[in-house]
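Input: a single structure, listed below in structure tokens.
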Amino acid sequence: MASSPSPQRPSPLTLPVVLTGVVLVAMSISGTAVALPSMGRELDASGSALNWVVAGYNLAFAAMTLVAGSTADRVGRRKTFVASAVVLSCGFLVTAVSPSVLFTDAARIVSGAGGAGIMAAGGAVLAASYEETSRNRAFALMGTMAGVGIAVGPTLSGLLISATGWRGSFVVFTALGTLITAGATRMHESRAATARVDWAGSILFTVALCLLMFAPLEAPSLGWTDGAVVVAAISGVIALVVFGVVQRRSAHPVLEPALLTNRGFIGWSLATLTTSVGFLGLLVFLPTYLQAAAHLAPAAAGAAMLLLTVPILVTPLAAVALVNRGVPARRLVLLALVMVTLGNLSLVTLSPDNTLLGATAPLLAIGTGMGTSFGITDGQAMALVPAESVGMAVGFLNTLRGAAEAMVIAAFGAALLGFLGSRLGSDDRAAAVSAGQLSDIHRLAELAALTWSWRMTQLGIGLLCLLLTLTVMALIRHHGPSRQNA
């Protein structure tokens, strides 16, 4: 286990400010998912352009988190957090006044970059400010507050959309971001001993991830053989290979190669990736299905998502309490992954006749598994890295989360559109139906096609979670801590 010197006594504002930032970042993901049908109608958008409202945020989040974490270690964790809060708030404000879907997509990408800095620098601040059981509790609270943001996001946004329109939620987010920025200036500064930033590595990583994600995000609308998609995929692979070479030769790499050879750290990292895969597709696409199939209003659809999100309010702290009392963390996280996997596989039976009833148990299982993972994976992973690399490690963890979330959104959307297109015989109609815009004349046929497409897509997500769970089991079985100090 990595050892670290005792950190200075943190500012009383450290934990509240970081946790509020985490809530805001999470709310921006889950709340926006509920807003998609309303945004699509007002901005006259559907398909890939509309999916980019959520996927663009996650893409920027994934691409910038590792860079933000490494930068925070070297430039300053508080400084990076404050700058990120400013960027996040500006992105929210522009989204609130956006005149078109392309403008909205760009603003959401800006917000995603700010959210990356909030999560990476915020986690690094906590890792540098607390130690041992206090660090475990701080990261468990971080997971809990992420759950709070995810939980209240759909409900709060649904209520705001019903009362004032979808733009109102982003006005609230802007105000919260401004308060976080002000509070963050009162936190203590910390940084690693070295002050150099690997700009070449940072740029290469960002370019590689953006290109690799652009391909699956745009392929459903452009076609998998389209020149832009093919060139983006090939260029992304080349940039990633060059990035790996640069990191091996860099004196101050943005991603320390030793992290990737640490089986325990990678195992815990894949655990958090697995829960993200099993969670985000539902979070983004299920509200639309509920509004289309069960005739739920946005507020009601947001309330229904509490089945998925409420468990995340309590399970992170419960999980870390069990670990601190001696329960092996490996057993808890594997139980969590099994719950996420089984919950996703169970949702292949969802239909318009039993929408809420059929989804209740699976959503509760997935939410419980996600919350348990939130509570212990970060703390366990951080126990395996040296103190000077905590920002980089937190950045890597959140990069995996963000990348998984963006890829799940892309894959889920692509599969849904593909299945719908094969059933309806029209790509344009498939895009509209996937956004919840069913026609009055052909409603029954379109709803049947949407349900079948949902089931097939959900089956793929469940099988992927199963494969990842088996991989995690193999990696952490004899590697990494199983208790708080192991």
How large is the accessible surface per residue of the chain, computed with a 1.4 Å probe and reported in Å² as a whole number? 37 Å²
FRET efficiency for TRP199 and ALA163 from the Cβ-Cβ distance with R0 = 60 Å, rounded to 0.05, comes out at 0.85
Under the Kirkwood approximation for Rh and a Cα-based Rg, what ratio Rg/Rh is obtained for the chain? 0.95
At 1.4 Å probe size, with the rest of the protein present, what percent of the exposed accessible area of the chain is carbon and sulfur atoms? 67 percent
Kindly state, to the nearest 0.05, the FRET efficiency for VAL241 paired with ALA303, given R0 = 45 Å and r defined as their beta-carbon distance. 0.45
Relative packing of 353-359, 273-279, 419-425, 172-178, which averages over residues the other C-beta atoms within 10 Å, highest first: 273-279, 172-178, 419-425, 353-359
Calculate the spin-label point distance for LEU179 paired with LEU222, positioning each point 7 Å from the Cα along the beta-carbon direction, and give it in nanometres. 4.1 nm
Order of 13-20, 459-466 by packing, highest average Cβ count within 10 Å first? 13-20, 459-466
Could you rank the peptides 326-334, 135-143 by their average count of other C-beta atoms within 10 Å per residue, with the highest value first? 135-143, 326-334
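The values are calculated or read from the model by the stated rules, or taken from the named source; none is laboratory data. Here the structure is a predicted model, which is why all the values come from computation and not from measurement. Cβ: placed from backbone, ideal geometry, glycine included. Neighbour counts: every protein chain shown. Heavy atoms of the whole protein, side chains included, go into the accessibility calculation; ligands, DNA and RNA do not. Shrake-Rupley method; radii C 1.70, N 1.55, O 1.52, S 1.80 Å.
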